[in-house]
Each structure stands twice: as structure tokens, then as C-alpha cells.
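> Structure incoming, see below.
The values are calculated or read from the model by the stated rules, or taken from the named source; none is laboratory data. Keep in mind the model is a prediction, meaning the values are calculated, not measured. Cβ placement follows ideal geometry from the backbone for every residue including glycine, while neighbour counts extend to all protein chains displayed. Areas reflect the complete protein model, heavy atoms only, side chains present, ligands, DNA and RNA absent. Shrake-Rupley method; radii C 1.70, N 1.55, O 1.52, S 1.80 Å.
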Amino acid sequence: MSGFSTPAADGVPPGGVGAGAGAGTAPGFGPALGHGPGPGSGGPYRAPQVPAPRPFAWLRPSDPDRKAPATGRTVLAAVLTGLLASALLMDGLGVNLLLCAALATVGAGIAARAAGRRLRVWTAVWSALALALLAVPALYEAGWPVVLSTVWAVGLASLALHGGRRWSGVLLALPGLLWQLVPALGWARRSLRGGGNTRGRVAPVLKGVLVAAVLLAVFGTLFAGADAAMAEVLGSLVPSLDLGELPPRVALFVLGLATALGFAHIAAGPRRWDRTPVRPGRARGRLEWALPLAALNLMFGAFAVVQAVVVLGGGESVLERTGMSRSEYARQGFWQLLVITVLTLVVVALAKRWAPRATGTDRRLARLLLGALCLLTLVVVASALGRMWFYVDASGLTALRLWVLAVELWLGVVFVLLIAAGLTPSAGWLPRAVVLSAALAAAGYGLIGPDALVAEHNVARFERTGQIDLRNVRGLSPDAVPALDRLPGDYRTCALGVIASDLAETGPAPWYAASLAGARARDILAERPPADRLVGQEYACDRVGLRYEFTFGG
């Protein structure tokens, strides 16, 4: 089911438009767009005969003739999005992505309204999560969380416009924008070439924007030359323009324009990925399928028993035989357990596809074996989390350790959802629930400020124990500055050295490209700069390293 709907889309007969999944058409949009009688039909519009499937037809965008044409306001919103991206994104992200996303959302909303689509609950859910993810660059500087949040925001926006219930509908809708970028440009071009309302509305506005830009440039230059305070205000508000930056700015304009038109193109008539044909797996014989799964359950059960023995205090003999300390034993197998968790997810998916389902006994056996495997996998997840947490307690938190902790937690949630799906009569809610859990995990990971959390944990550990491995914090982003600022003397100088040098090289960012954490870090370092810059920082690191036998660099 699409995130938006049209009156015609909800009641398409089996032989209607798009009944064939390989036809590449948006089902149900013909009557909603008022096509009327087809040429030579002599009666009400009827869907054409579904052609023979072509290679990769399922990847083709919807038939442009079945979409609402691009309106002047849609094209104008896309052009303004491109101009805004070209003007602002060269200087950084900050709130720029939110501003560009707001304009692109307006264009998609106009296209959806022109197509007669209605807002649905899941559309609002995915859209709200996308906006929350786009708030991450405005709050924090750390690169990896910003990239993760941006990618997820684009995927969720595509899912919001496409909709989808089944696995094929949800998973193929996430990257659905990619298939629409080029067709969307042709869609807008055809509307403009057709003249009429679209061209008559877009052209005057574009001319007005151009004249306004020229007037503001001329008078702004004169006002800036007449008054120094006015020059400072205009300098902070207006993006810097440099002819050497023209090619990347043109590229950003094209990217912003294509992205906004791509979302509008989806809103005007999405590809119904739910109708993508997915052949069911050939059911295997009961013994052929159940025997390996039962063996795997036994192995997982043995692991669960061993973990229970170690946790309950009877593992001293195990440690003596392995020759490991408790710390070494706790952190020795985390990565293997993480791989086991991921592989088990693959095994469950494949086993479910090939499970025998002809009789009630077959279905109950499948539910029993797969449910037991999911329950035992939760023991693996708990063991992996416990080992990593013990490692963090002994050696401190790093950005990588926090990331894998978050991934392992999310995998545990997925197995809980799988167990819940096995206990319910219908698991139609599972695909959207899994994607929702992943989106919430990505949003939570970005909004907590991972680098700030890592710094806070290590500084709190230092205040409690007097121990810190500065290698865990020296490579963090400016998000970590408020916590690292609490370190004393040489610790502070060494921890903040790299961050201070990077900020000094880049210089202050304009208001629209600065994050809240970046601005706060600059204020702190301007008030209390690390001593003696590079030379002092290296000496400080040497002194702290010699005292605690740590090495730095690399």
C-alpha cells in the first residue's frame, strides 16, 4: 500500500493498469488523473494489454503517461531547491540540509496533491523520522553519524512517498529515488515543453528571482561599502561567491534540482514495489530441512549453557584450562559473536523460505525450530554485549566500540521482532517494523552525539579512576570538546590538540553551515586555547604517555 493513495489506486481490478508487475506502470493512476477515453477505444478508458516482461522491467520507473504532469509550482520548488543547494552546501551542512529538504518537501507535496493522493499514517511516520535524521548535521560535527543520518533520511523520504507493506515493497522503496533521478528530469522537461500553465507560471517567477538577485547584489555591495557594520551583517548572511567554485556549485545545483524533481516524480505516481513478483522458495522435505536446523539449535544451546556456567561463577576451571584472564575471556570473542548473530539472521531468512508448509505439522515444526533458534540467538546477543561492555569498562569507550554496540543491540531487537512475528497469526507488519527499528536506531545513534558520548565516558572514567587512554579521544570531532575541556593540564592539551588544529585550519563557518556543537567547541577553545599549539601539544602527549606508558601517533 502506498504512503499516499488515490481514489482509483485503492480499487484497481485485477486486470487494471499495472496488474502485471513487470509492466512498470503505476497502478490505478489512469482514472485519477482524468485520462478519459483512450484513443480509438470508443468507450471508458481501459488499461492496455500487459506486454511481455522485459529484462529488468521491475527497475523501470512508472510510465510517464500515467503520471500527473509536473505543475509550475513543482518545477519552481525544484529549481529553488537547486539554487539553495548551490548557494549553501559548499560551505558545509549545518541547517542547510533541513532548508533544502523543506523546499523539496513542498515540491513533492504539490505533486502529490495534483495527483489526488491522500496523506497516510505511515507517510507521516517515515517523514517525521527523516526530518529527525536531518537534524543531526545541525547539532553535531562527527562525520560518520552525519553520513549515516543523511543516507537514512533520503531512504525514508523515498519510502514515505512510495509506501509498501511487503519485504519487496519496503526494501526496494528505500533506494527508490535512484531510479527516478533521470526520468524526473524528462518528466519536468515534457511539462515545460508543453507550454500552457506550467511554462506561464515558471518563467515569470524565474525572471523575478534573477532580477531580485541582481538588484540585491548591486545595492548590497553599495551598502556594504557605505557602512562597516552593514558589511559585517551582509557578510554573515550571504554565501561567499568565487568563480573558482563555479563547477562544484553547478554540480550541487543539478544534484539539488534532480533530487527535488525525483521526489516530486515519485509523489506524482510511485512505482508499486509491493507488486514486484517474488517467487516462493521451493519447500524442502521435512527431514532435509529440519535436521540441520535442529543441529544448529543444539550447538546454540550448548553455548548458552557454557555462558550460564561462566556467569554464575563456575567458570574458573574454564579460565584455568584456557589460560585466559577474565578480561581476556570477556573480550576475546565479541567479533565472532557479532558475525554469528548476522549469519543466524541469514539462516533464519533462508530456512523460512525453504520451510515445508504443506501441512499443519510442517508449519508448527517450522515455527518451533525457528523460534528456538531466535531465542537462543538472544543469548548470543546478550553475551556479545556483555563482553563488549566489560571491554569498555576495562579500556574505555571508542567510536567504533559504540557503533558495534548499537548494531548488536539493533540485531537483538530484530530477533525479538522475529519471535513476535512467529507468535502472531499474521506477520504482515514485520517488514515495516524492522525498517522502523533500523530507522529509530540510526536516529537515536545520531542524536545522542556519539563523539560527545565517547568523550564523556572516558572523562568520567578518568575522574573516577585516574586512568585514561587518550588514543580513544584524540581523533574525535569537535562534539567532544565540552567533555574533554574538563581534563586537567597536559591531558587537556594532548586531548584537544588535533581538534583545535583542525578548527584553526578551517576557520569559522557561516551561520547556515555551522552545527551547534561546532560553534560551542569554537567558543570553548577561543576562551581557553590549548597551550603552545603543536610543540606544546606534542610535549604534553609525551609527558602523559611516559607516565602511563601509552604511545601516541599513528
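> Per residue of region 104-116, what does 6.51 cos²θ - 1.76 cosθ + 1.60 with θ = phi - 60° give for ³J(HN,Hα)? Whole Hz please, x for Gly and Pro, Karplus curve as stated.
Once rounded to whole Hz, the list reads 5, 5, 4, x, 5, x, 5, 5, 5, 5, 5, 7, x.
> Once both labels are modelled 7 Å past Cα along the beta-carbon direction, what's the ARG118-SER426 spacing in nm?
Result for the modelled spin labels: 1.9 nm.
> Say R0 is 51 Å: what FRET efficiency, to the nearest 0.05, do ALA519 and ALA308 get from their beta-carbon distance? Don't skip to the end; give the middle numbers.
Values: r = 50 Å, r/R0 = 0.99.
Efficiency, rounded to the nearest 0.05: 0.50.
> Can you send over the carbon and sulfur percentage of the accessible area for region 334-490, probe radius 1.4 Å, protein chains only?
Solvent-exposed carbon and sulfur of region 334-490 make up 71 percent of the total.
> To the nearest 10 square angstrom, how much accessible area does GLU456 have with a 1.4 angstrom probe?
Here the residue's solvent-accessible area equals roughly 70 Å².
> Oh, and also: Give me the accessible area per residue for region 375-458, probe 1.4 Å, as a whole number in Å².
Accessible surface, normalised per residue, equals 38 Å².
> Let me ask something else. Over all distinct Cα pairs, what is the inverse of the mean 1/r for region 433-530, reported as the Kirkwood hydrodynamic radius in Å?
This gives a value of 14.5 Å.
> Can you work out the FRET efficiency for the pair VAL218 and LEU291, with r the C-beta to C-beta distance and R0 = 60 Å, to the nearest 0.05?
My answer for the efficiency is 0.15.
> A further question on this structure: List, in order, the whole-Hz ³J(HN,Hα) value for each residue of region 510-518 obtained from phi through the Karplus relation with A = 6.51, B = -1.76, C = 1.60 and θ = phi - 60°; use x for Gly and Pro.
Calculated HN-Hα couplings, in order: x, 4, 7, 10, 9, 8, 4, 5, x Hz.
> Using θ = phi - 60° and the Karplus form 6.51 cos²θ - 1.76 cosθ + 1.60, what ³J(HN,Hα) does each residue of region 418-430 get, whole Hz, x for Gly and Pro?
5, 5, 4, 5, x, 8, 9, x, 10, 10, x, 7, 4
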